[in-house]
1. Looking at segment 208-225, can you tell me whether even one residue there is within 30 Å of VAL82 (Cα to Cα) and either under 18 Å from the mean Cα position of the chain (by Cα) or crowded, with 20+ Cβ neighbours inside 10 Å (or both)?
2. Which of the helices (runs of 4 or more DSSP H) found entirely inside segment 165-211 contain at least 2 residues meeting this: over 17 Å from VAL276 (Cα atoms) and in contact with a Gly (Cβ under 7 Å, 6 or more places away or on another chain)?
3. Strands (runs of 3 or more DSSP E) wholly in segment 34-125 with at least 3 residues that are more than 20 Å from ARG172 (Cβ to Cβ) and within 22 Å of the chain's Cα centre (by Cα) - which ones?
4. Test GLU324 against the criterion of being more than 30 Å from ARG122 (Cβ to Cβ) and in a helix (DSSP H, G or I), and give yes or no.
5. Scan segment 33-50 and report the pairs whose first residue is farther than 18 Å from SER92 by Cβ and whose second residue is exposed (fewer than 12 other Cβ atoms within 10 Å of the Cβ), with Cβ atoms within less than 9 Å and a gap of 6+ or a chain change.
6. Looking at segment 126-152, which of its residues are more than 30 Å from PHE36 (Cβ to Cβ) and either in a helix (DSSP H, G or I) or in contact (Cβ under 8 Å) with a residue 40 or more places away in the chain (or both)?
7. If you check every pair at least six apart or on different chains, which have Cβ atoms under 6 Å apart with a residue in segment 273-299 that is at pLDDT 95 or above first and a residue that is of a type in the set (Lys, Arg) second?
Amino acid sequence: MILRVVKYLFLGVFLLLTLLLLIFVASSKMSMDSDFSHTNATKDLPIFSPSIGNGIVNISIGDMTFRTRIAGFDGDSSKKVVILLHGFPVTSAMWIDVIGPLEEAGYRVVAFDQRGYSPQARPETLDSYTISKLSKDLFAVADTIGAEEFHLIGHDWGAVVGWSAVLSNPSRINSWTALSLPHPGAFSAALLNDPDQQDRSSYVAFFQTPWLPETVFSFNNFSALKALLRGMSDEKMKEYIDVFSEPGALTSALNWYRALGDNSLSNLDNIESLEVNTSTLFLWGNQDPSVGRVAVDGMAEFMKGPYTNVELEAGHWLLVDKPERVISEILIHIDQ
């Protein structure tokens, strides 16, 4: 009799959990934009031309097209170029407040939605998201706009791509500014040896699981994603939700994490050393939950050129917490 009660109890719990999971998944699917409104709007954007000057354009490279913000293209090819790389889970919109000051300072500015984020650059295979391929996208965009050399700025995953670019092809980078993510050699060492950094990076395992993070982020009209992006302007938040509400978009963005097994520095082309001679500015928030001090302090071992480390009383989203200070430090650095 007791065994029968226990059996039915477990069966009831199983059915309840199954029902809750189905409700969870159904709610997530209801949040999706099956009309692909963002994709359709992007297809109507003009193709990049230096004569356009400012705005949002498409840059086509092979079979992919990157949605791109540009500014300062007034026909003066002597003006230096600044390329901005966003991270997860945002787009080039994260740089809106930086683009204007850079243009006013006399630069041509380019910020593109990277592979997996641009609607017409979402390959389905996991091996399409290795760091080597993401880095090649950067240089292909630079080639398309006619920038043999450029200043480079990246945040979060954009910093990961930026570090790989600086290490693989330093001759093309006038200066490098990394926000939040330290040198990969220092970060890897911290992951191996620092329990604090191991705890901080434990979320990566969740992001690498199939379908579950997509379901969590899109549940209840993207409430979890909105919480992660708390503090963003309405304009930016709308763009992020427009992008990730399209079926497949979150998966493409999360594939950056899922491809981490292929993202070792040994897979990058032209890597001869982990030492960095490029003039580098590193900005980080000491309240960032994903990066600890050990990884940051370990950077000094690899920095052989001009190097500035700026610690801010801020979290991960530096341009939300300390926008004026971040923009000021960037302008000072690249003007040097």
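The values are calculated or read from the model by the stated rules, or taken from the named source; none is laboratory data. Since the model is a prediction, treat every value here as computed from it, not as a measurement. Methodologically, a virtual Cβ is constructed for each residue, glycine included, from the backbone with ideal geometry; neighbour enumeration extends over all protein chains shown.
1. Step one: of segment 208-225, the residues within 30 Å of VAL82 (Cα to Cα) are 225.
Imposing the further condition that a residue be either under 18 Å from the mean Cα position of the chain (by Cα) or crowded, with 20+ Cβ neighbours inside 10 Å (or both) reduces the set to 225.
Checked against the condition, which is being within 30 Å of VAL82 (Cα to Cα) and either under 18 Å from the mean Cα position of the chain (by Cα) or crowded, with 20+ Cβ neighbours inside 10 Å (or both), segment 208-225 yields at least one hit.
2. It comes to 195-200.
3. Qualifying strands (runs of 3 or more DSSP E): 55-61, 64-71.
4. Here the answer is yes, as GLU324 does meet what is asked.
5. What qualifies is PRO50/GLY75; PRO50/SER77; PRO50/GLY146.
6. GLY146, ALA147, GLU149, PHE150, HIS151, LEU152, listed by residue number.
7. GLU275/LYS304; ASN277/LYS304; SER290/ARG200; GLY292/ARG200
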